[in-house]
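Structure first, then comments.
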Amino acid sequence: MVTADATSAARTLPATGLSLAAASYVLAVVMMGTTMPTPLYPLYEDRFGFGSATATVLYAIYAAGVIASLVLFGTLSDVLGRRPLLLAGLVLSLASAGVFLVADHMWLLFVGRVLSGLAAGILTATGTVVVLENAPEGRARLASSLATASKVGGLGLGMLMAGAVAQVAAEPLRAPFVVHALLLVVGVLALWPVRERGGRPGAARGLRLPRLHPRSRSLFATAAVGAVAGFAVSGIFASLLPGFMGSVLHVSAPVVVGFATFLFFGVSAVAQISLKGRSDRTLVRLGAASLAASMVLLAAALTSASLVVVLASSALGGAGMGLLFMTGMRAVTVATPPEARTQVTTAYFLVSYLSISVPVIAAGALSTVVGLTWTGLVFAALLGAVALVALAGAGRFTGSDGARTLR
């Protein structure tokens, strides 16, 4: 348990490699739970008899839980401290795993998704800031990359782990959540070395929407364009890809579905870490071009029913999403004073998750009318156009390595 004395003592601890690793693990392990159902959707569809439209609603209700959590709890760590909020996220994620573990009716899937969304909302804002605050001296750039890579990498690992465990387990709809529950218990223990910098006595209390600091307002709109494009693409892949693979490619093995979706988030995390030293302008150009190319390949995969092209589209889309998201996050957080970073990251993620939920709901509704293939083609065209808008705005980012602000 994270006691008040332990939280107070954590404020005096210096940031170390261990504290950075612990904070990154907690963020990643909670995010794993948010995507674990994705490779299991074909199995759930067989068991409960629902189709792709219901799968998109399940994904959208998770996004709604994230948005609600960001609004309700996004800045609460400024009052209570970081570690109590991290513990709350871990407990909610454990509750979600427990619900999925015993789910014998479809309504329990919705309950589990809401709980995982609430957990993700807490970790999305607070966990990201905690990773940044636990960077040792001289490791700020590494921590910035780890903050987004842990989140996105956790999303990918959740799919990969769930698909692999379901493939070999006797209880494929239960075993993945047992494994995740054990990982979450380790996450509770990992809170001990995490440095605490929240709990400011003068922090505003009560329910309030996040407000942008004056120093970062001018950056936010430009930086958020890439996040909107990338998150919308990730939502389409995570919600519609399992259904497309099953109905069009006739591939329903959990390990294959899990790998196809893991590729998106796994490549995203790798791209963020390996390319973190490039200039913001270069990263935005690479990310936007990759995202646009991914949508071209997605359209080709939908018309040719090619698994190889699907995988290539997933990898390119993940790289594009990761680079655009990381660069925008890095720009707005560097431009914001430390005491206001929770609010700016909360606002950034609110915009991002709204860009997931609206397209996913629209795609689910459209798929019931025109089918998955035409739905995918429509959204590939729309999201490719948004990626080109992000590419057009790359000139507003700095072009020198090491500089982290917009012009």
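Condition check: crowded, with 24+ Cβ neighbours inside 10 Å and either at pLDDT 85 or above or more than 21 Å from the chain's Cα centre (by Cα) (or both). Does residue 403 satisfy that? No; evaluated as a whole, the condition is false for this residue.
Selection of region 95-126 for residues being in a helix (DSSP H, G or I), under 15 Å from residue 174 (Cβ atoms) and among the hydrophobic types (A, V, I, L, M, F, W, C) yields 97, 99, 100, 101, 102, 108, 109. Checking each residue in region 194-240 for being in contact with a Leu (Cβ under 7 Å, 6 or more places away or on another chain), open to solvent by 50 Å² or more (accessible area, probe 1.4 Å) and modelled with pLDDT of 70 or more picks out only 195. Look at region 78-103: where a residue is in contact (Cβ under 8 Å) with a residue 12 or more places away in the chain and on the phi > 0 side of the Ramachandran plot and a partner is hydrophobic (A, V, I, L, M, F, W, C) and in a helix (DSSP H, G or I), sitting 6+ places away or on another chain with Cβ atoms under 9 Å, you get 81/4; 81/10. Annotation note: Cβ proximity below 6 Å between a residue of region 8-32 that is modelled with pLDDT of 90 or more and a residue that is open to solvent by 50 Å² or more (accessible area, probe 1.4 Å) (sequence gap 6+ or interchain) occurs for 29/183; 32/157.
With respect to residue 327, is the statement that it is at pLDDT below 80 and either buried (at least 24 other Cβ atoms within 10 Å of the Cβ) or over 20 Å from the mean Cα position of the chain (by Cα) (or both) true? When the stated conditions are applied, residue 327 does not pass them. Taking the listed residues 312, 288, the one that is over 19 Å from residue 153 (Cα atoms) and of a type outside the set (D, E, K, R) is 288, with no other qualifying.
Taking region 271-281 as the range and being out of contact with any strand residue (DSSP E or B) (no Cβ under 8 Å at 6 or more places or on another chain), touching a residue at least 12 places away in the same chain (Cβ under 8 Å) and either open to solvent by 50 Å² or more (accessible area, probe 1.4 Å) or part of a helix (DSSP H, G or I) (or both) as the test, the residues that pass are 271, 272, 273, 276, 278.
Within region 241-252, being touching a helix residue (DSSP H, G or I) at 6+ places or on another chain (Cβ under 8 Å) and either buried (at least 24 other Cβ atoms within 10 Å of the Cβ) or not polar (S, T, N, Q) (or both) holds for 241, 242, 243, 244, 245, 246, 248, 249, 251. With respect to the numbered conditions (1) surrounded by 24 or more Cβ atoms within 10 Å (Cβ to Cβ); (2) assigned to a loop (DSSP other than H, G, I, E, B); (3) not hydrophobic (A, V, I, L, M, F, W, C), which one is the sole condition not fulfilled by residue 342? Every condition holds for residue 342 apart from (2).
Could you pull out the residue among 392, 385 that is at pLDDT 85 or above and within 23 Å of the chain's Cα centre (by Cα)? Give the derivation first.
On the way: 392 fails: within 23 Å of the chain's Cα centre (by Cα).
Selected residue: 385, the only one of 392, 385 that is at pLDDT 85 or above and within 23 Å of the chain's Cα centre (by Cα).
Any residue in region 384-397 that is at negative phi sitting within a Cβ distance under 6 Å of a residue that is of a type in the set (Asp, Glu)? List the pairs, counting only those 6 or more apart or interchain. Partner pairs satisfying both residue conditions: 397/280.
Quick grid of which residues meet (1) open to solvent by less than 40 Å² (accessible area, probe 1.4 Å); (2) acidic (Asp, Glu); (3) modelled with pLDDT under 80:
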position	(1), (2), (3)
361	no, no, no
375	yes, no, no
381	no, no, no
396	no, no, yes
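Among the residues of region 130-187, the ones that are of a type in the set (Ser, Thr, Tyr) and open to solvent by 10 Å² or more (accessible area, probe 1.4 Å) come to 2 in all.
The values are calculated or read from the model by the stated rules, or taken from the named source; none is laboratory data. Source: prediction; values computed, not measured. In this analysis, Cβ positions are derived from the backbone assuming ideal geometry, glycine residues included, and neighbour counts consider all displayed protein chains. What goes into the accessible areas is simple: the full protein's heavy atoms, side chains included, and nothing from ligands, DNA or RNA. Shrake-Rupley method; radii C 1.70, N 1.55, O 1.52, S 1.80 Å.
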